[in-house]
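Data block below; observations after.
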Amino acid sequence: MKYDFTTILERKGHDALAVDALGEPGFPGLPEEGWSVIPMWVADMNFPVPPVIQEHLNRRISHPAFGYFEPSEEYYSAIVSWQEKRNRVSGLTKDQIGYENGVLGGLMSALTVICVPGDRILVHEPTYIGFRHSLSNAGYRLVPSPLVRDGDGVWRMDFEDMERKFREKNIHAMIFCSPQNPSGRVWTAEEMERMMDLCRRYDVYVISDEIWSDLVLTHSPVSHTPLQNISEEARQRTIALYAPSKTFNLAGLVGSYHIIRNPRLKAQVDRASSLSHYNSMNVLSMHALIGAYSEEGQEWLEELRQVLSRNVQYAVERIRSEWDGVSLFCPEGTYMLFPDCGGWCRKKGITMEELLKAGWNKGVAWQDGRPFGGTHTVRINLALPYTRVEEAFDRLKKYVFT
């Protein structure tokens, strides 16, 4: 490969939550003495960013002034070109794009426009923990609609459950995660068409978190379809949220954007986003996006997708062959696994706390999946060099799933 996906980065002491937070309340525990840490919990990557991003940042840093600025035409053009090439989005214009300080910041701005505190918001479960915290903190009521696994183990939307909750609980807003975090499902156009038909019938607006859209794995049977591509109805009812942060490991720079095709809705969200006076772009995050969304960034991404797909398929094969009583869906997108260890825990007579700690003790910093909506789940980040993934699963086989 042209780019580096094999170097093991030393992240400790380099502003990395993935390793620096271990042992703190609410985070994975520290390993026993003598064990190195393999960070497999928080959803950032353990790969160097593409060189083109550092080139753009270095070029900007070389100019010794960092005063007030406005987003450049190059910034908007990069987004329009990226969406057209990656997601088959046509007709996107600058005035339909708006900056957000993170996807969760965009989520909260959007909710202030389409809801009031106390309103019920439908969210698929299992769900990203950040949605739970944000909704609760702002006074909204989360209504889970559980995803169900079919006979082949594939996560599916329960449309009957969604319709019943829209109707009985008077719901007019939902959060849609596409690809879905933490299940790794990449939704088909047919599934989204059926969902949007329900939204039309019950007057539901959709905040579509598509931050993982670039990370559809190479073994996936389907590609990502933006919700706004489904129909004109979807365009008018959807606030779509994107960012280069997951794709290019840029979360520490902060910088997301929304795409809203409905002009009235766009104006309202822009107004809501501006009220804090702190929802402003960082000049370095702007240049990082321009570098990321370049042709070289696309080339790097195609190699990354191959690396992630190999890691995922390797991990899934080992779990299915070595972790008796553990079930999982092979993700189609993202780089996270979400296995259910209930059968193993019952067979061995151990608790989830004991299982998690057994991994942490040997340096495998995986994540408790229960806050995401699973009773016996763990969440495992596979965006690491392949040798580290191998080492982690060797440790788990020898010291945990024995």
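Observations
- Among the residues of the stretch 119-156, the one identified as touching a strand residue (DSSP E or B) at 6+ places or on another chain (Cβ under 7 Å), without any contact (Cβ under 8 Å) to a residue 24 or more places away in the chain and assigned to a loop (DSSP other than H, G, I, E, B) is 150.
- Among the residues here, residue 43 does not qualify as aliphatic (A, V, I, L, M), closer than 30 Å to residue 189 by Cβ and part of a helix (DSSP H, G or I).
- So residue 34, is it assigned to a loop (DSSP other than H, G, I, E, B), surrounded by fewer than 21 Cβ atoms within 10 Å (Cβ to Cβ) and not β-branched (Val, Ile, Thr): yes
- Residue that is surrounded by the most Cβ atoms within 10 Å (Cβ to Cβ), among those in the stretch 255-281 that are modelled with pLDDT under 95 and not in a helix (DSSP H, G or I): 255
- Residues that are out of contact with any Cys (no Cβ under 8 Å at 6 or more places or on another chain), within 14 Å of residue 341 (Cβ to Cβ) and crowded, with 17+ Cβ neighbours inside 10 Å within the stretch 371-402 comprise 372, 374, 379, 380, 396, 400, 401, listed in sequence order.
- Residue 103 within 29 Å of residue 382 (Cα to Cα) and of a type in the set (A, V, I, L, M, F, W, C): yes
- Residues (of a type outside the set (Lys, Arg) and out of contact with any Pro (no Cβ under 6 Å at 6 or more places or on another chain)) located in the stretch 9-18: 9, 10, 13, 14, 15, 16, 17
- Restricting attention to the stretch 184-215, the residues that are crowded, with 22+ Cβ neighbours inside 10 Å and under 18 Å from the mean Cα position of the chain (by Cα) add up to 14.
- Total residues in the stretch 157-197, condition farther than 16 Å from residue 225 by Cα, free of Cβ contacts under 8 Å to residues at least 40 places away in the same chain and not hydrophobic (A, V, I, L, M, F, W, C): 8
- Any hit, the stretch 319-327, residues being touching a residue at least 60 places away in the same chain (Cβ under 8 Å), basic (Lys, Arg) and out of contact with any strand residue (DSSP E or B) (no Cβ under 6 Å at 6 or more places or on another chain): no
- Residue among 344, 360 that is in contact (Cβ under 8 Å) with a residue 60 or more places away in the chain and within 16 Å of residue 396 (Cα to Cα): 360
- Restricting the stretch 313-338 to residues that are crowded, with 22+ Cβ neighbours inside 10 Å and small (Gly, Ala, Ser), the residue that is farthest from residue 183 (Cα to Cα): 315
- Count of the stretch 339-353 residues which are part of a loop (DSSP other than H, G, I, E, B) and either of a type in the set (Val, Ile, Thr) or surrounded by 15 or more Cβ atoms within 10 Å (Cβ to Cβ) (or both): 4
- Residue within the stretch 325-338 that is out of contact with any His (no Cβ under 9 Å at 6 or more places or on another chain), in a helix (DSSP H, G or I) and not hydroxyl-bearing (Ser, Thr, Tyr) present: no
The values are calculated or read from the model by the stated rules, or taken from the named source; none is laboratory data. Treat the numbers as computed from the prediction; the structure is a model and nothing was measured. Quick reminder, even Gly has a Cβ in these numbers, built from the backbone with ideal geometry, and neighbours come from all protein chains shown.
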